[in-house]
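First up is the structure itself, then whatever we jot down about it.
Please treat every number below as a calculation from the coordinates, not as lab data. Note that the structure is a prediction, hence the values are computed from the model and not measured. Because the Cβ atoms are built from the backbone with ideal geometry, glycine has one as well, and the counts that use them run over all protein chains shown.
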Amino acid sequence: MRLSSIKTRASASSFLPSFLLFPTTTSHVCNVTRVRFTTAVPAKRVKQLQISPLTPTALQGQQKLELCDGNDLLLQYPRSSLHVLPGRVDVGRFSLALSRTLALFPTAAGKLRRNGDHWHIELSNSSVPLTIEGPSSESSSSSPTTTFPIPPSRAHFVVQPDEYITPFIDPIDYVGSMQGKESSLISLKLTELSDGKTVFGLSFNHVLGDGNTVTRFTHMLSTLYASEEQQILDLESLPSSCPPAPTFYKRKHEPLPSPFDPEGLALVRKYAPQVEKSFPLEQVLEKFQKDNQETEVVEMLFSEEEIDALWTLARQVPNKDAAASLKITKNDALSAYLVTLFERALGERQHTVMTILNLRHQSPPTEEKDLWLHPTVAGCPTAIVHTSISHLNAAPQNHHDFAQVLHDIAIELRKTNKAARDPNFVDQYLRVVSAQYIKGCKDSRFYVYPDEGGILINSIMREDRNKLAHFGFEGRTQFYTDTSVHRIPRIHPANPVGVVASDASTTRNDHSGAVVVNYRIRRDAKEITTDTKERDMRMLIGSIKH
């Protein structure tokens, strides 16, 4: 067995969100094809593997994948997530499932490359690091891997403090990737706890894809791991239970030759005003440091009954004129409610709501109808769209007023979201963003949004990752991620929390249908926010029951 040392990353300052933390030293695992045993501390047992993709891969014969659209160039940070499983994972079975998953997602086994102002992923079929960590036979009750650190009282919250996430993640060297180093774009870690649980940690370079892509990756990995058809090794014989394989087709959107010529500036202001303002990295870090010093984390749980109450209230007011055909969704209603919370807690008008949208279309590209993206495309096909609400009242005074306020904001959000899915909008938007992100990568400039008086909503309330990536423990897993950001509400389905059934096959979920919301807000507004939410929900539920 070959032994070699592992370089470690120094701890970054705790005030910065993880997506802006640059490692101080390169973090990587040497290219060892056999198992390497080390002892990090006396209470831990560590195995490190290198897993290569099964060949041929889904992109066999292709040398590289161009990063041609603006959102592909989100090079600056990784995505970190945890799946907590209530039992042990078979490492051999997991490794085989990972090899097959990498064959379907060959970009994850690639390397980031730069040629002038152009970037691509080299399809190198490289191995990726998988670390197995667990308590040694001498482990005591004080071992850091004895139990999962998140208290049961907050287990339903998806976004957690970094100190709960970091021990279960092997960080990727995303700065090294940007500099052309042989750095892996993903890393995986299985931590075996003394109480029998396993924590699966994933670090995923954002250049590989958005949250939807990460979910598809873990969904495929989970399905292949749990499948009984492990002996089938070729990609043509995937189990019938597998989700659709990813696609990588993208219609290139030529960036504007000069993003600040009159035409380009008009497009920026119309479709993507947030990227008109860019700042050097140092200023961005200073802003986040200042925000974290002056803000507190807000965590809220909305029960299924409360979500339904908001949705019902927002639809009580009839739509007018052009909005007659629009249907308010539960996400629209909750987003509208969050706007009212910000306005009342901060005591200031909110003028803009930005929303992160998934632009994947529902049918594949054809010669007759050239849709810009396949619905299963891997990458970052998202848009950040702006909705102006400065003309609307966002501070309800009574129940009737509440219904009108929620309806008006929700309808404006629905109008914007519908318009943003028009192919012409998508084409123009991505031309602008491509030009700006290419320039930002070249000049090491970054974008800070939202401004005061605005919020950015990042919602995946319809995507329950516990249901999609359960590794055979259906109904009994919990999903976690990190990073709370000022004025950016993140919305997730609540983690299942309940009592395991007598046959240990299922868990009664005390938060079925609930969602959790996490963001940072000015310190003096936190208590107002939580008190206002509780008062509103009592009023809404009471009015519906009576």
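Here the 3J(HN,Hα) profile of the range 483-490, calculated from phi with Karplus coefficients 6.51, -1.76 and 1.60 at θ = phi - 60°, is 6, 9, 10, 4, 6, 10, x, 10 Hz, Gly and Pro shown as x. Computed from the C-beta positions of SER237 and LYS47, the FRET efficiency with R₀ = 35 Å rounds to 0.75. Loop-located trypsin sites (Lys or Arg not before Pro) in the range 405-479 (DSSP state not H, G, I, E or B) with no more than 12 neighbouring Cβ atoms inside 10 Å: ARG462. Couplings for the range 100-112, taken from phi via the Karplus curve 6.51 cos²θ - 1.76 cosθ + 1.60 with θ = phi - 60°, read 5, 5, 4, 5, 7, 10, x, 4, 5, 9, x, 10, 7 Hz in order; Gly and Pro are left as x.
If R0 equals 25 Å, the separation of the Cβ atoms of VAL297 and ASN398 corresponds to a calculated FRET efficiency of about 0.25. Structure note, pairs LYS320/LYS418; LYS330/LYS533; LYS418/LYS467; LYS415/LYS439: Cα-Cα distances above 24 angstrom occur for LYS418/LYS467; LYS415/LYS439. The residues GLU182, GLU296, when put in order of fewest to most other Cβ atoms within 10 Å, stand as GLU182, GLU296. Exposure proxy for ARG490, ARG88: other Cβ atoms within 10 Å of each Cβ, ordered fewest to most, give ARG88, ARG490. Label-to-label distance, ASP427 versus GLU463, with points set 7 angstrom from Cα along the beta-carbon direction: 2.7 nm.
For LYS181, a cut-off of 13 angstrom between C-alpha atoms picks up these aspartates and glutamates, skipping any fewer than 8 places away in its own chain: GLU122, ASP173.
Put simply, the amide H of VAL377, placed in the peptide plane, has neighbours under 5 Å in THR247, leaving out anything fewer than 5 places away on its chain. Step through the residues of the range 440-452 one at a time and calculate ³J(HN,Hα) from phi using the Karplus curve (6.51 cos²θ - 1.76 cosθ + 1.60, θ = phi - 60°), rounding each to whole Hz and writing x for Gly and Pro. So the J values, rounded to whole Hz, are x, 5, 5, 9, 6, 10, 10, 10, 10, 8, x, 7, 4.
Measuring between their Cα centroids, the range 386-421 and the range 510-546 lie 18 Å from each other.
Gain on full extension, evaluated as 0.36 nm per residue between GLU228 and LYS270 minus their Cα-Cα distance, stands at 10.0 nm. Across the range 331-483, the relative contact order, built from alpha-carbon pairs under 8 Å that are at least six residues apart, equals 28 percent.
For LEU357 and ASP195, the FRET efficiency from 1/(1 + (r/R0)^6), where r spans their Cβ atoms and R0 equals 45 Å, is about 0.65. The stretch between GLN316 and THR147 holds 56.1 nm of extra length on full extension. This uses 0.36 nm per residue minus the Cα-Cα distance. Each of THR147, THR382 was scored by other Cβ atoms within 10 Å of its Cβ. Arranged with the fewest first, they read THR147, THR382.
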